Amino acid sequence: MADRRIQEIDSINYDIFYPKGYKDSEDKKWPMILYLHDKNENTKSSYISKGLEKYNNSPFILVSPRCPEGFVWTQLQSELNNLLDNLLDRYPVDKERVYISGKGTGGSGTVFLSSIYPERFAGVVPVNCELDPIIVQNLYDVPTWVFNSNKAMVPPSDEKQKAEAKLGIFNLYSKFTITNSTGKRIDENVYTKDLFDWLLSFNTKGLIAKDKSQKEITLMLENPYMLVGGKVCQVEPGNKGTLTLDVKGNLIVPADTLVKNLGGNIEYIEKEKRMTIKFKSKNIDIWIGNPKAKINNKEKAMETAAQSIKGVRYIPLKFIVENSGNKFQYDDTKRKVLIFKEVKGK
């Protein structure tokens, strides 16, 4: 990092590290990482600052608050939120690209602060810390990469395992990495180019698409949210439906929102229990309870019948996706579906 200063705001001292070129770019807005240290960790020479020094042309402002003696980070959420307000007012920070990370007690503070103010952060990176299954629910749409060591002195608690399971199910952006190192060595494996590149791929609006013409859709089993072109939206308005498996193990999904995001239109005729789905070159008729459909008036078998569940109309996912001109992949271990347009020549 090019420069470091010590400042004090709201009784919290902090170190600030500036990227190269900071003083020469008056009008530029910079991404910022808020780093919460572990107990007894030296903020002046932390591994995140060393990692950023190795990161070619790092654009990050790094702010490392110092936890006041006698406190832990989870007791200072209001003070940290005020500190963040002041930092954004004082420095040329891109408010849509503020990230937070921390290790140990700092990792707990990272999860706690970001779960209270999830709209403030474009990415969250907790390292070797306990996770609360209730708290992490608030991070459903915040990119979160959890790092843990498989050589930790204390085995992960049941609550932590429940939290990671819940985060994996409900957070479409979540990632988990288990390292073979402990102590300072885990930091060397966390704060690398891979992590910094990953952080920069997000802002508070979601994934920053490199190719905006491609609109991938990601769904997860029993998750009421999906990603459409990197943006989070509801699978069914009012969170009334999710991607699910029918009694035969086939993937079914609420019809309306998915069809619209696949570029089609849908109409429902109540008397006939019929859905008419229109894509560019195909008119598809599907009847509730009937495993056969009609495509441009030609009968076709589906993998399963459409259903009405608690007032929500579900359609067979594979059949609809493939007939919309898209492809899909299902990862059974991650319970995740990726829908995409196949690009010719690639």
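The values are calculated or read from the model by the stated rules, or taken from the named source; none is laboratory data. All figures in this text were calculated on a predicted structure; none of them were measured in a lab. In this analysis, Cβ positions are derived from the backbone assuming ideal geometry, glycine residues included, and neighbour counts consider all displayed protein chains.
Of all residues in the range 248-263, those that are over 14 Å from Leu317 (Cα atoms) and at pLDDT 95 or above total 0.
Residue count for the range 192-222 under the criterion of being among the hydroxyl-bearing types (Ser, Thr, Tyr), under 12 Å from the mean Cα position of the chain (by Cα) and modelled with pLDDT under 85: the result is 0.
Among the numbered conditions (1) closer than 21 Å to Tyr191 by Cβ; (2) assigned to a strand (DSSP E or B), the only one that Thr110 does not meet is (2). Residue selection: Asn57 fails the criterion of being of a type outside the set (Lys, Arg) and farther than 19 Å from Trp198 by Cα. Kindly establish whether Gly102 is part of a helix (DSSP H, G or I) and surrounded by 15 or more Cβ atoms within 10 Å (Cβ to Cβ). No: the conditions fail for Gly102.
Applying the criterion of being in a strand (DSSP E or B) and hydrophobic (A, V, I, L, M, F, W, C) to the residues of the range 50-98, the residue that is nearest to the chain's Cα centre (by Cα) is Val98. Taking the numbered list (1) of a type in the set (A, V, I, L, M, F, W, C); (2) buried (at least 20 other Cβ atoms within 10 Å of the Cβ); (3) modelled with pLDDT of 95 or more in turn, Leu88 passes all entries but (2).
The set of residues in the range 272-301 being among the basic types (Lys, Arg), at negative phi and either modelled with pLDDT of 95 or more or touching a helix residue (DSSP H, G or I) at 6+ places or on another chain (Cβ under 8 Å) (or both) consists of Arg274, Lys278, Lys282, Lys292, Lys294, Lys298, Lys300. Among residues belonging to the range 223-247 that are assigned to a loop (DSSP other than H, G, I, E, B) and at pLDDT below 90, point out the one that is farthest from Gly289 (Cα to Cα). Per the stated criteria, the residue is Gly230.
When residues in the range 242-268 are screened for being touching a strand residue (DSSP E or B) at 6+ places or on another chain (Cβ under 8 Å), of a type in the set (D, E, K, R) and touching a residue at least 24 places away in the same chain (Cβ under 8 Å), 2 of them pass.
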